[in-house]
Each structure stands twice: as C-alpha cells, then as structure tokens.
Amino acid sequence: MIRPARPEDAEAVAPLLVLAMGHIAGIFARSTRYEDAIPFFEAFFNDGANQYSYANTLVFENESRVIGSITGYDGGRLHELRQPVLDKLREAEPDFSPNDETGPGEYYIDCVNVHPDHQGKGIGKKLISAFCKQAGALGYARVGLIVDMINPAARRLYENLGFRVIGEKDFMGHRYFHMVHDL
C-alpha cells in the first residue's frame with residue numbers, strides 16, 4: 001500500500017534515503033560509511049519544513065513495515081526547502097554550496113528507493129507512478145529527476161517509465177542526466 005509518510009516512519013525511511021543518496025549521504029555525514037548519515041536524515045525527515053521531510057514523502061508499506069519511499073517537491077521551492085539542510089551542513093563546512101538539481105516548472109523526485117530485500121518487484125515503479133499522479137493532481141505538468149551518468153540501469157528504468165533526457169547537470173561531485181516526464 002502506498003500512503004503519505006508520517007513522522008513515525010523515520011526509522012524505516014532514513015536508511016532508504018541514505019541508499020538513494022549514495023555518495024551524497026557520505027558527504028552529508030562527513031564519513032565514508034553512508035550509514036553514519038542515518039541520524040541526519042531521521043532528524044530532517046521528522047521536521048515538516050525541508051526537502052527530506054515526511055511531508056514530502058510517500059511510502060510503500062507491506063503487511064509488516066515500510067519497504068520503499070519516494071521524496072519530492074515543487075522544484076521552485078528548492079532553495080526554501082534546502083535551507084535548513086544547508087544551515088546544518090554549514091556548521092561543519094561554512095562554504096558548502098551545492099548546485100541546484102531542480103528548479104521552477106517541475107515536481108522533482110529527490111529520492112526514491114526500495115529496501116534491498118524487496119527490489120525487483122515493481123515497488124519503485126509503483127512509487128514513481130503514484131508520485132506522478134500526485135504531481136498531476138496538484139496541477140503540475142512535469143515531473144523531473146536527475147540520474148547519475150554512471151548508473152545506466154536507472155536511466156533505462158526511467159526511460160521505460162516515460163522520462164526523457166533534457167540535459168546534464170553537475171551535482172555534488174558527479175555528472176547527472178536531467179530527465180523529465182511530461183504529464
């Protein structure tokens with residue numbers, strides 16, 4: 001079942017956010033161990049006013065627990081939603097200033113992941129479909145995301161779901177394809 005996330009989902013969703021973020025989670029945690037970023041994401045997930053908030057997340061829950069999540073928001077609100085995260089990161093690195101991965105005109109998928117024990121079962125596709133339906137219901141005409149150029153399987157997945165490449169972006173030390181799906 002797909003439903004809006006709640007604060008009490010933090011313990012299940014934070015590790016999924018870390019999986020989705022990959023090397024970026026390590027940057028946030030200032031560690032080569034991505035799992036060190038779990039407390040960081042739990043704290044921001046529980047807060048209702050930032051890009052990683054439960055308020056911006058849908059979860060896939062099976063009969064026993066949350067096993068997938070998708071987090072996204074209006075790309076035009078990126079700076080507002082990112083600011084609390086930047087404030088925290090700048091406590092350790094005052095000059096931290098990532099490029100923008102989205103902007104106005106798209107409902108942006110920031111993170112999507114499924115617990116490793118449940119991957120390959122179509123859960124990610126269901127989450128993306130639900131996110132796109134939510135975007136359309138909110139009046140958005142386009143859903144956007146970035147996919148790491150070193151991950152051709154993810155690019156193919158998104159292309160199979162109707163996304164197309166419209167450009168490239170540099171973000172947090174990697175090069176990404178900017179992909180969109182017109183609703």
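Each value in this text was obtained by applying a stated rule to the coordinates, not by laboratory testing. Just so it is clear, the model here is predicted, and its values are computed rather than measured. A quick note on method: Cβ atoms are made from the backbone with ideal geometry, for glycine too, and the neighbour counts reach across all protein chains shown.
Along the principal axes of its C-alpha atoms, what lengths does segment 60-118 span, in descending order and rounded to whole Å?
43, 32, 15
Taking θ as phi - 60°, what are the ³J(HN,Hα) couplings along segment 104-116 by the Karplus curve (6.51, -1.76, 1.60), each to the nearest whole Hz, with x for Gly and Pro?
x, x, 9, 8, 9, 7, 7, 9, 9, 7, 10, 3, x
Among A20, A12, A92, whose mean-square fluctuation peaks in a Gaussian network model of the chain (Cα, cutoff 10 Å)?
Result: A92 has the largest fluctuation of those listed.
Determine the relative contact order of segment 2-182: mean sequence separation of Cα pairs under 8 Å and six or more apart, normalised by residue count, in whole percent.
Averaging sequence separation for qualifying contacts and normalising by length gives 19 percent for segment 2-182.
With θ set to phi - 60°, apply the Karplus curve 6.51 cos²θ - 1.76 cosθ + 1.60 along segment 75-80 and write out the HN-Hα couplings as whole Hz, x wherever there is a Gly or Pro.
Each residue of segment 75-80 in turn: x, x, 9, 3, 4, 4 Hz.
Using a Förster distance of 25 angstrom, determine the FRET efficiency expected from the C-beta separation of L161 and D36, and round it to 0.05. Mind showing how you got there, number by number?
Details: r = 32 Å, r/R0 = 1.27.
The value I calculate is 0.20.
Just to confirm my numbers, what's the Cα centroid distance between segment 104-170 and segment 8-31 in Å?
Here the two parts' Cα centres lie 18 Å apart.
Mind listing the long-range amide H neighbours of R142? Cut-off is under 5 Å, sequence gap 5 or more, other chains count too, H placed in the peptide plane at 1.01 Å from N.
The list, which skips near neighbours in sequence, is Y107, L183.
Apply the Karplus parameterisation 6.51 cos²θ - 1.76 cosθ + 1.60, with θ equal to phi minus 60°, to every residue of segment 43-48 and state each ³J(HN,Hα) to the nearest whole Hz, in sequence, with x for glycine and proline.
Result, ordered by residue: 5, 6, 4, 6, 8, x Hz.
Given the options E101, E91, E159, state which has the largest fluctuation in a GNM of the chain using a 10 Å cut-off (strictly under) for Cα springs.
E91
Under a Cβ-Cβ cut-off of 15 Å, what is the net charge of the residues other than G120 that fall near it, where Lys and Arg count +1 and Asp and Glu count -1?
+3
What is the local net charge at G75, summed over the other residues whose Cβ is closer than 10 Å to its Cβ (Lys, Arg +1; Asp, Glu -1)?
-3
What is the Cα coordinate range of segment 69-183 on the first, second and third principal axes, sorted by size from largest, in whole angstrom?
41, 33, 27
Build a GNM of the chain with springs between Cα atoms under 10 Å: which of D148, D36, D87 gets the top mean-square fluctuation?
Its mean-square fluctuation being the largest, the pick is D87.
Hey, fewest Cβ within 10 Å first, where do H178, H118, H79 land in order?
H79, H118, H178
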